[in-house]
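*Asks:* I'd like to ask some things about the structure below.
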Amino acid sequence: MNHFPHGWGRPRDDVYGAYNHAYLQPDGSKQHTQSPIVTGTSVIAVKFKDGVVIAADNLASYGSLARFTDVKRLRRFNSRVVLGFGGDVSDMQHLDRLLSTLSIREDYSSTASESDNAARELNARNLHTYLAKVMYKRRSEFNPLWNAILVVGLDGESQPFLATVDLLGTTFSAPTLATGFGAHLAQPILRRAVPDEAAVAEMTREKAVGVVRECMKVLFYRDARSIDKYSMAVVEKEKEVELVEDEQLEQQSWAFAEGIKGYGTQTV
Amino acid sequence: MTSIGTGYDLSNSVFSPDGRNFQVEYAVKAVENGGTAIGIRCKDGVVLALEKLIHSRLLKKDANKRIATVDRKVGVVSAGLLPDGRHFVSRARDEAAQWRSIYKSPIPTSSLADRMGGYVQAYTLYSSVRPFGVTAIVGGWDSEAELGVDGQVGSGPKVGAGGKREGAKSGGPYLYMIEPSGLYWGYYGAATGKGRQAAKAELEKLNLADGEISLEQGVKEAARIIYVAHEDSKDKEFELEMTWVSSLEGPTKGHHQEVPKALREEAERLAKKSLEPEDEEEEARVEGGDRMEE
Amino acid sequence: MFRNNYDNDSVTFSPQGRIFQVEYAQEAVKQGSVVVGIVSKTHAVLAALKRNAEELSSYQKKIIEIDTHYGIALAGLASDARVLSNFMKQQSLASRLTYDRPMQLADITARIGDRAQINTQQYGKRPYGVGLLIAGVDATGPHLFEFQPSGVTQEMVACGIGARSQMARTYLERNLEQFEGSNREELIRHALRALKESLSQDKELTVDNTSLGVVGTGDAKERFRLFEGTEIQSWLETTFENQGSTQEGEGMDVDK
């Protein structure tokens, strides 16, 4: 690699010959984002009997630098939807603004009675469908929003809803979901607790919160782009969204670090 | 109107020899036939109220709301042609959304009034359009708190340059009225529509410029004034529609909302009571128009 | 001869602040045959009287299904209604595709209202010459909206528009209290009776000239469906028990 970012990712002149400008635009093909810049790591979520728990840490990394340490990656949309963002933070902010515009527009058609408003409010499924369209459109323009998103909340039947959409517009739904490193490190733990929809019906809120906290700890131990401060939200039937943005990982144990040899400042 | 029929009133954007734009004046006539709308600027918020004439028993009760919200903290009520009022609101919402996309924060009420004044004025400039047949009252609360930027994810640095001035205050209640000509002023109390004369007389008695009146008082006065203004067209039934927007500490937490039913009904009860001993006031009658005007 | 100078286009106000072109467009609605709509707590019903150009021609289309949860009835220029109904269909499909959510009736009504308003404010355009009744169910229950060429839209409990519709409205006003608690069959019968009120003396409702649109919600959930021909025979019989097998009279005009 050289020091001319403009040429990165393009066919090399010394291998393929100079670009024929008669063929496309004079300055070569147009490029969009090739990689995220400031990033958030995993988001994890699990369904329980009457709702969903979601968590993400409060770090935004600039490469390997822990650049911003109080970043809120869980966003409440309304009384029954919370979104969790992994990936590029500026793209997340763009989506956040897009959603607040949507939310304002939704309020315009509100009706006289409060109960009617609850019925017509966008639910988690509506929002997931919408985000999937936005993400897929952008990837089809070769200009993706570099995020992995978890949508949690209640659907039209007031049942727990959990689904994901990523930068490619891929959608997926399961009783437990995790993005980024969490897909490798937390998902197996979550699946052990809630293997299927039948297990969701047995799951209590306390247990769900417990297993999420456990996963956040594992992620902090093993994911180098994580931090021990995190946010957690619970969306539950007939309750307001509970969103706590200053959770601290408790009862950490670094005793194992003693035994690790071979790098760091230690003398072997 | 002396120059009617001389041909200068047949097209928009044309001046008569004495410097008038008749089509704009005719648009004002459409407003003067509509149900009365008022706005009161109180010390801790703004109240908007509307006399909604009910011309058919088949209409669904308490539906068909006419006072609209723009962005979250501004209310718009208008008198005149209903569909023009909707057009006005729709444009105001677009302006508010566009403002957000540029500045990442809600549009100040004054800027919204300014932009809408400009928009309405543009409809007096061309012969290919007609002026708006509405006068709109725009009331809002500009947040007194320090607002984050839309999409903000953290609190930013705790030390260093922040550009903040110690003790600086901003925000508060704002009220504007925009006429078909595009002209607009800021008001302590604004009234338009059929009963505007009676309503204005009542508003003037409130000494609103002193800035003493509270939002709750404002609600009661607004209801009473609409009832007073309705005296002229007593034969017609009407619904009172009222909205308000308060400070962040107030009842609406900075949002523009409908006045709660209980409070509205209490205000209506007091309004009716205050009217009982009085004799009806004399006002010039304006003839009714078609169904487009309420 | 007296001539009204202020009625040439929709961008000219009269000295009284009226827009004659818009008022004339409202007249076009009154040329169309009558349609009626009613809502109860569970259902929304549309009923329409269809005309045919001549004995051997087919009857016009007065009720159009827009989506599975709602439909419209029209009075006035049928081609204008087709433009509007196409727009409504597109918007409704877009809502399902983008949000996986059926279009709210209040929202779609506001959208066609806004469209119609533009036609009353710009030179070179004319107002729509059609009135619509929009009836259906959504997340907030059954609804009925009236749309006018002026762009005025309003939510109603019951409504009738078109030729001689005042009689239908009088019937509806007289029976207003009963609608909310009516069941499906009662509501349909009310709609048919209201429709009948607007017929001239020599005319009857028949399986050929009557259309019905029905949709339900909640426990009585059913998709919007158009009933015509023999399907409505039994309703006609039970509603007007002493009705003979009458053919249509003469003088039936077509909607322009």
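*Asks:* Return a whole-number percent for the relative contact order of the range A:149-268, with Cα pairs under 8 Å and 6 or more residues apart as the contact set. Mind showing how you got there, number by number?
*Replies:* Working: 125 pairs, mean separation 20.9, N = 120.
Across the range A:149-268, relative contact order equals 17 percent.
*Asks:* Can you tell me, using C-alpha contacts under 8 Å and at least 6 residues apart, the relative contact order of chain B as a whole percent?
*Replies:* That works out to 29 percent.
*Asks:* Choose one of B:SER128, A:LEU249, C:LEU74: the residue whose Cα lies farthest towards the positive end of the charge dipole of the protein assembly as shown (beta-carbon charges +1 Lys, Arg; -1 Asp, Glu; about the Cα centre).
*Replies:* Looking along the dipole axis, the top candidate is A:LEU249.
*Asks:* Using R₀ = 51 Å, calculate the FRET efficiency as 1/(1 + (r/R₀)^6) where r is the Cβ-Cβ separation of C:GLU185 and B:SER90; round to 0.05. Before the final figure, lay out the partial values.
*Replies:* On the way: r = 41 Å, r/R0 = 0.80.
Working from the Cβ atoms, E equals 0.80.
*Asks:* For A:ALA118 and A:TYR62, FRET efficiency with R0 = 41 Å and r from the beta-carbon atoms, rounded to 0.05?
*Replies:* 0.50
*Asks:* Right, something else. Membrane-span-like helices in chain A: DSSP H runs reaching 18 Å or more (Cα, own axis), mean Kyte hydropathy at least -0.5?
*Replies:* A:89-108, A:205-222
*Asks:* Once label points are set 7 Å from the Cα along Cα→Cβ at both C:ASP219 and B:LEU263, what is their separation, rounded to one decimal in nm?
*Replies:* Each label point is offset 7 Å from its Cα along the Cβ direction, giving 3.8 nm.
*Asks:* Helix by helix through chain C, keep the DSSP H runs that span 30 Å or more along the axis on Cα and average at least -0.5 on Kyte-Doolittle, and give those back in order.
*Replies:* Long hydrophobic helices here: C:78-99.
*Asks:* Show which aspartates and glutamates lie in cross-link reach of A:LYS137 when reach means a straight Cα distance below 19 angstrom and same-chain residues fewer than eight apart are skipped.
*Replies:* A:ASP88, A:ASP91, A:ASP96, A:ASP166, C:ASP100
*Asks:* With a point put 7 Å past each Cα toward its Cβ, work out how far B:LEU275 is from A:ASN2 in nm, to one decimal.
*Replies:* My value for the distance between the label points is 8.4 nm.
*Asks:* Next up: On C-alpha positions alone, give me the angle between the axis of helix B:82-103 and the longest principal axis of chain B, in degrees, nearest 10.
*Replies:* Result, in degrees: 20.
*Asks:* Also, quick follow-up: Please give the average number of partner chain Cβ atoms lying within 10 Å of the Cβ of each residue in B:55-68, rounded to a whole number.
*Replies:* 6
*Asks:* On to the next question. Let me spell out the model: positive unit charges on the Cβ of Lys and Arg, negative unit charges on the Cβ of Asp and Glu, origin at the Cα centre of the protein assembly as shown. What dipole size does that give, in debye rounded to 20? Display every interim value, and only then the final one.
*Replies:* Details: 98 positive and 114 negative charges, 514 e Å.
Dipole about the Cα centre, nearest 20: 2460 debye.
*Asks:* Also, I was wondering about something else. Pop a pseudo-label 7 angstrom from the Cα along the beta-carbon direction at both A:THR204 and A:ASN20 and give the gap in nm to one decimal.
*Replies:* 7.2
*Asks:* Do the alpha carbons of any pairs in B:LYS29/C:LYS30; A:LYS133/C:LYS41; B:LYS60/C:LYS50 sit beyond 29 Å of each other, and which pairs?
*Replies:* From B:LYS29/C:LYS30; A:LYS133/C:LYS41; B:LYS60/C:LYS50, over 29 Å: A:LYS133/C:LYS41.
*Asks:* I've got another one for you. Over the range A:44-249, calculate the relative contact order: mean separation of alpha carbon pairs under 8 Å at least 6 apart, over the residue count, as a percent.
*Replies:* Taking the mean separation of contacting Cα pairs over the length of the range A:44-249, I get 32 percent.
*Asks:* With 18 Å as the limit, write out which pairs from B:LYS43/B:LYS220; B:LYS52/B:LYS272; B:LYS61/B:LYS220 have Cα-Cα distances beyond it, or answer none.
*Replies:* B:LYS61/B:LYS220
*Asks:* Using the Cα gyration tensor of chain C, with a ≥ b ≥ c the square roots of its eigenvalues, what is the shape: rounded (a/c below 1.5), prolate (a/b larger than b/c) or oblate (neither)?
*Replies:* Working: a/c = 1.81, a/b = 1.20, b/c = 1.51.
Taking the square roots of the gyration eigenvalues as a ≥ b ≥ c, chain C is oblate.
*Asks:* I need the peptides B:61-74, C:137-150 ranked by packing, meaning the mean over residues of other C-beta atoms within 10 angstrom, with the highest value on top. Display every interim value, and only then the final one.
*Replies:* Details: B:61-74: 21.1, C:137-150: 23.9.
Packing order, densest peptide first, comes out as C:137-150, B:61-74.
*Asks:* Where a ≥ b ≥ c are the square roots of the eigenvalues of the C-alpha gyration tensor, would you call chain B rounded, which needs a/c under 1.5, or, failing that, prolate if a/b is larger than b/c, or oblate?
*Replies:* oblate
*Asks:* Can you return the lysines within cross-link range of A:LYS49? Criterion is Cα-Cα under 20 Å, with same-chain partners fewer than 8 residues away left out.
*Replies:* The reachable lysines, counting only those whose Cα sits under 20 Å from A:LYS49, are A:LYS207, A:LYS237, A:LYS239.
*Asks:* Once R0 is set to 51 Å, what does the formula 1/(1 + (r/R0)^6) return for the Cβ-Cβ distance between A:GLU157 and B:GLU237, expressed as a FRET efficiency to the nearest 0.05?
*Replies:* Approximately 0.80, to the nearest 0.05.
*Asks:* Specify whether the C-alpha gyration tensor of the range A:44-249 places it in the rounded, prolate or oblate class, a ≥ b ≥ c being the square roots of the eigenvalues: rounded for a/c under 1.5, otherwise prolate if a/b is larger than b/c and oblate if not.
*Replies:* On the way: a/c = 1.59, a/b = 1.15, b/c = 1.38.
Oblate, because a/c is 1.5 or more while a/b does not exceed b/c.
*Asks:* Let me know the charge dipole size of the range C:20-236 about its Cα centre in debye, to the nearest 20, where only the beta-carbon of Lys, Arg (+1) and Asp, Glu (-1) is charged. Please report the intermediate quantities before stating the final value.
*Replies:* On the way: 25 positive and 26 negative charges, 76 e Å.
In debye, rounded to 20, the range C:20-236 gives about 360.
*Asks:* Now a separate question. Count the net charge of all other residues whose Cβ sits under 11 Å from the Cβ of C:GLY131, scoring Lys and Arg as +1 and Asp and Glu as -1.
*Replies:* Here the count lands on -2.
*Asks:* Name the residue from C:THR140, C:ASN209, C:ASN86 whose Cα lies farthest towards the positive end of the charge dipole of chain C, charges +1 on Cβ of Lys and Arg and -1 on Cβ of Asp and Glu.
*Replies:* C:ASN86
*Asks:* Calculate the dipole size of the range A:44-249 relative to its Cα centre from +1 charges on Lys and Arg beta carbons and -1 charges on Asp and Glu beta carbons; express the result in debye to the nearest 20.
*Replies:* Working: 27 positive and 29 negative charges, 119 e Å.
My answer is approximately 580 debye.
*Asks:* Students often check this: by mean Cβ neighbours within 10 Å, which of B:188-195, B:268-275 ranks highest, and how do the rest follow?
*Replies:* B:188-195, B:268-275
*Asks:* Another question about this same structure. Beta carbons within 10 angstrom, averaged per residue: use that to sort the peptides C:49-56, A:50-57, A:253-260, B:169-176, highest first.
*Replies:* A:50-57, B:169-176, C:49-56, A:253-260
*Asks:* Once the dipole of the protein assembly as shown is set up with Lys and Arg at +1 and Asp and Glu at -1 on Cβ about the Cα centre, which of A:ASN20, B:ASN64, B:TYR184 lies farthest towards its positive end?
*Replies:* After comparing all options, I get A:ASN20.
No value in this document is a laboratory result; all are computed from the given coordinates. Given the structure is predicted, the values throughout are model-derived calculations rather than measurements. Positions of Cβ are backbone-derived with ideal geometry, glycine not excepted, and every protein chain shown enters the neighbour counts.
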